[in-house]
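See below for the structure under consideration.
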Amino acid sequence: SWTASPTTAAPTMIPASIDDVAVVSDIRFVGLEFSRLSDPDFEATFRDNFRTAMAAAAGVFEGRVTITRIYEGSVVVTSMVRFAAANDAAGMGADFLAKLNSNPVGIFSSSSALLQYKPIEAFGFTTTAPTAVSPTTAAPTTVSPTT
């Protein structure tokens, strides 16, 4: 007999709306050594400061800023900021993306703790909105049993 493995839904802090706009970015703190993040207290404070500054610059609350990855290359933070459709998601997302493109240091102007790791560079950002899956017109795939 065959049993399906239990599945766990991915955690979400806020239910995503089909009309939300997300700005995904990689932000590099050139002046920060990656090894500093091996201290759990330092890493927790760094993450809190990052989310607070990103939320302030984007005009959203901190629950809409998600750090998806932190990796070496100095320190690079991949994050997503979600803008709610009810709050002019497209306009707010575009404004935030423009700030990232033109002056990434300005994003962190409210955080002297993060400004000490200048220069700060931003790259690889895209603006995406979740889209509904289109129905497929392809014939279903069938698998023949093997012996």
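The values are calculated or read from the model by the stated rules, or taken from the named source; none is laboratory data. Remember, it's a predicted structure, so these values are computed and weren't measured experimentally. Counting neighbours? That spans all protein chains shown, and the Cβs are built from the backbone with ideal geometry, glycine included. These area figures cover heavy atoms from the full protein model, side chains too; ligands, DNA and RNA do not enter into them. Shrake-Rupley method; radii C 1.70, N 1.55, O 1.52, S 1.80 Å.
Using a cut-off of 13 Å between beta-carbons, work out the net charge of the residues near Arg36 (Lys and Arg +1, Asp and Glu -1, Arg36 not included). Each step should come with its number before you reach the end.
Numbers: positive: Arg47; negative: Glu33, Asp39, Asp41, Glu43, Glu72.
Charge balance near Arg36 sits at -4.
For the range 58-102, calculate the relative contact order in percent as a whole number, restricting contacts to Cα pairs under 8 Å that are 6 or more residues apart.
Working: 36 pairs, mean separation 14.8, N = 45.
Rounded, it is 33 percent for the range 58-102.
FRET efficiency for Ser35 and Val105, Cβ-Cβ distance as r, R0 = 35 Å, nearest 0.05? Intermediate values should be presented prior to the final figure.
Values: r = 23 Å, r/R0 = 0.66.
E(calc), rounded to 0.05, equals 0.90.
Asn87 to Phe123: FRET efficiency via 1/(1 + (r/R0)^6), r the Cβ-Cβ distance, R0 25 Å, to the nearest 0.05?
On the way: r = 26 Å, r/R0 = 1.05.
That pair, Asn87 with Phe123, gives E of 0.40.
Got a sec? What order do Val60, Val65 fall in by accessible area at 1.4 Å, biggest, i.e. largest, first? Kindly include the intermediate steps, with their values, before the conclusion.
On the way: Val60 25, Val65 0 Å².
The ordering from most to least exposed comes out as Val60, Val65.
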